[in-house]
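Student: There's a structure below that I have some questions on.
The values are calculated or read from the model by the stated rules, or taken from the named source; none is laboratory data. Remember, predicted model here, so these are calculated numbers, not experimental data. Note: ideal-geometry Cβ built from the backbone for every residue, glycine included; neighbour counts use all protein chains shown. For accessibility, only protein heavy atoms count, side chains too; no ligands or nucleic acids. Shrake-Rupley method; radii C 1.70, N 1.55, O 1.52, S 1.80 Å.
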Amino acid sequence: KAQQRPRNEGEEIRQESWYLRDSHLLLTRETIRLLIATTTIALILDILFAEPVPLALYLLGFSPFLGTYVLAHVFLMRGHIRVATVLVTLGTMLAQVGLIYFVRGHEAQAIVSFVNLILIAGFILGPYAALGTSGLAVLSVLSYYLLETSGQLPTPEAVTGPKAGVIALGTTLFTTGGLVFIAIRHVRNALLQERDALTQAEGALDALEVAN
């Protein structure tokens with residue numbers, strides 16, 4: 001019995017570790033798929049309803065984002081959760097900075113996108129990752145402001161109209177809601193499973209006391 005208890009405890013620790021990894025994997029997968037879905041929807045809405053521009057310009061603007069998310073999903077399916085999350089965070093930030101530097105009209109959407117990246121980093125990688133991501137976002141905004149006020153911003157390759165701006169902002173805000181929904185659902189499920197585990201443990205202790 002003395003040897004059986006440590007063995008059982010070790011097995012429980014391993015099972016809990018696997019459960020946490022599976023939950024983490026599921027959270028990351030749902031997050032990346034949400035990003036792929038909302039970005040694709042934004043592209044389709046732009047093509048159908050935004051101000052007419054060459055299709056190649058739309059594809060050029062969206063390809064860095066979609067490419068980043070698809071590549072992150074590939075890494076995730078191979079079990080590299082942190083690599084996938086870092087790729088999403090840094091890749092999206094770089095693509096977003098490039099977009100607002102060379103395409104005018106998406107500044108408001110970029111701010112909301114930075115907030116989403118902070119949420120993603122915090123939910124998946126932890127509080128320090130959220131702080132680091134927020135620091136990078138502040139530096140990006142400050143750099144843009146200094147370049148704009150000094151007249152050193154590069155000449156924009158394109159200027160999007162108000163319809164495209166509304167579509168971009170709307171889909172990004174929807175992404176924010178989706179991220180919060182996913183995170184709350186995972187926290188709630190974790191709490192429910194923890195409560196069930198405590199209930200089972202109490203039942204096992206009661207049965208042991210009765211047996212003794």
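Student: Can you give the charge dipole size of segment 79-208 about its Cα centre, rounded to the nearest 20 debye, using +1 on the beta carbon of Lys and Arg and -1 on the beta carbon of Asp and Glu?
Tutor: For segment 79-208, the charge dipole is close to 260 debye.
Student: Solvent-accessible area per residue for segment 42-144 at a 1.4 Å probe radius, Å²? Before the final figure, lay out each step's value.
Tutor: Numbers: 5060 Å² over 103 residues.
Accessible surface, normalised per residue, equals 49 Å².
Student: Run the accessible area of segment 27-169 with a 1.4 Å probe and give the carbon-and-sulfur part as a rounded percent. Mind showing how you got there, number by number?
Tutor: On the way: 5480 of 7350 Å².
That fraction is 75 percent.
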